[in-house]
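First up is the structure itself, then whatever we jot down about it.
Read-outs: derived from the displayed coordinates by stated rules, not from any lab. Given the structure is predicted, the values throughout are model-derived calculations rather than measurements. As a convention, Cβ positions derive from the backbone with ideal geometry for all residues, glycine included, and neighbour counts pool all protein chains shown.
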Amino acid sequence: MTSTQPGTVTTGDATSPGRTARRLRQKSSDRGASRVFRWVSTGAGVLILVILAAVTVFLVARALPALSANPDYLADTVSWFPKDSTLLGFVGPMIFGSLLAAGLALLIATPLAIGIGLFISHYAPRRLANALGYIVDLLAAIPSVVYGLWGGLVLSPFIQPFWEFLGTYLGWIPLFSGNVSPTGRVMLTVALVLGVMILPIITAICREVFLQTPRLHEEAALALGATRWEMVRMAVLPFSRSGIISGAMLGLGRALGETMAVLMILSPGFTYSFQLLVAGKQQTIASNIAAQFPEANQTGVATLIATGLALFVITLAVNMAARAIVARRKDFSGAN
């Protein structure tokens, strides 16, 4: 029989000095890694605020000469600045055009995105759902110039007869009134292209949010005798409402800032008009900057940056409104 003398430690003892030292070193290493991660995360968050502040300062500083200049001086110095107009009168129609194009694109894309997301997450077979998911993600990788070429060279002449049909039989509606453009390069064509561009963004977010719906909610609805659609309507859509809003706002931000596609399709005009099938009526801020910047002088550049500042404020306001709407749903979770 062997005995262990008091004060000696066996090799398999969990409280041996070697294992205790290793545990202390591991805990110290974990605390160090946690501290590094915390500082890196904090630095990333601060960096975003610094970049946002830097962009704001840059826009305000570069736009200040135009903001403080006399409108008559701007009209005499900038060739494309309209006569007898203030800077707000010049920016106003473009703000209207930007909001109109982005709003129409959002109305077109959001219902389609919700339907595609529901089909991928709850209706399609797994293989088909995976293939559709890859295709949707691939659409988001197409450059905006390609969308612009497709919209200007293919979609505009192809869809122009349908615009003629709308103008002929539905011209009594203000949106479709007026002389329909024979080229198809009108605001409604731009809205269709922008809707296709933002569709992958909204669809991807909706799809992931739908998949996050608690399984117990879905099974409870089905157990009570609900059909598949009733289960989606009562369990999936209420749970996903904030995610749908977030995806829609991301798509809206993309549509507001889109440049090349709008520039390559739309026949521009500087009026407040809801006539979607008439050329030369609307213009957006981003496409106007791209069109006028190459030949702008110093005062013209300041004027364009002032219009960019207006677009920056609009985008910031839209995102803040979206965050406020989402915050109202933050208490809703799968445990409720």
ask   = Using alpha-carbon positions, what is the distance between the centroids of the range 210-277 and the range 290-328, in Å?
value = 24
task = Sort all Cα-Cα distances of the range 69-327 into consecutive 10 angstrom bins from zero, then give the percent of pairs in each bin up to the one containing the longest distance.
result = 7, 25, 29, 23, 11, 4, 1, 0
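For the chain, calculate the relative contact order in percent as a whole number, restricting contacts to Cα pairs under 8 Å that are 6 or more residues apart. Present the calculation step by step, with values, prior to reporting the outcome.
Values: 396 pairs, mean separation 85.4, N = 336.
Result for the chain is 25 percent.
Using a 10 Å cut-off on Cβ atoms, rank the peptides 31-41, 228-238 from the highest mean neighbour count down.
The peptides rank, most packed first, as 228-238, 31-41.
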ask   = For the range 109-125, in order, what is each residue's ³J(HN,Hα) by Karplus, 6.51 cos²θ - 1.76 cosθ + 1.60 with θ = phi - 60°, in whole Hz (x at glycine and Pro)?
value = 7, 4, x, 5, 5, 5, x, 5, x, 5, 5, 5, 8, 10, 10, 6, x
remark   = Under 5 Å from the placed amide H of Gly269, counting only residues 5+ away or on other chains, we find Lys281, Gln282, Gln283
Computed helical MRE - 222 nm, the chain, DSSP H runs ≥ 4 contributing -39500 (n - 2.57), nearest 500 = -22500 deg cm²/dmol
ask   = How would you rank 308-314, 99-105, highest first, on the average number of other Cβ atoms within 10 Å across their residues?
value = 99-105, 308-314
message = For the chain, take the longest principal axis of its alpha carbons; what is the angle in degrees between that and the long axis of helix 156-169, to the nearest 10 within 0 to 90?
response = 70
request  = Have a look at Ser246, Ser79, Ser144 and tell me which one the Gaussian network model of the chain (Cα, springs below 10 Å) gives the largest fluctuation.
outcome  = Ser79
ask   = Of the residues Thr20, Thr227, Thr189, which exhibits the maximal mean-square fluctuation in a Gaussian network model of the chain defined by a 10 Å Cα contact cut-off?
value = Thr20
query = With +1 on each Lys and Arg Cβ and -1 on each Asp and Glu Cβ, how big is the dipole of the range 214-260 about its Cα centre, in debye rounded to the nearest 20?
reply = 40
task = Please turn the phi angles of the range 260-270 into ³J(HN,Hα) values with the Karplus equation 6.51 cos²θ - 1.76 cosθ + 1.60 (θ = phi - 60°), one per residue in order, whole Hz, x for glycine and proline.
result = 5, 4, 5, 4, 7, 10, 7, 7, x, x, 10
note = Here the net charge surrounding Ala69, from other residues whose Cβ is less than 14 Å away from its Cβ (Lys, Arg +1; Asp, Glu -1), is -1
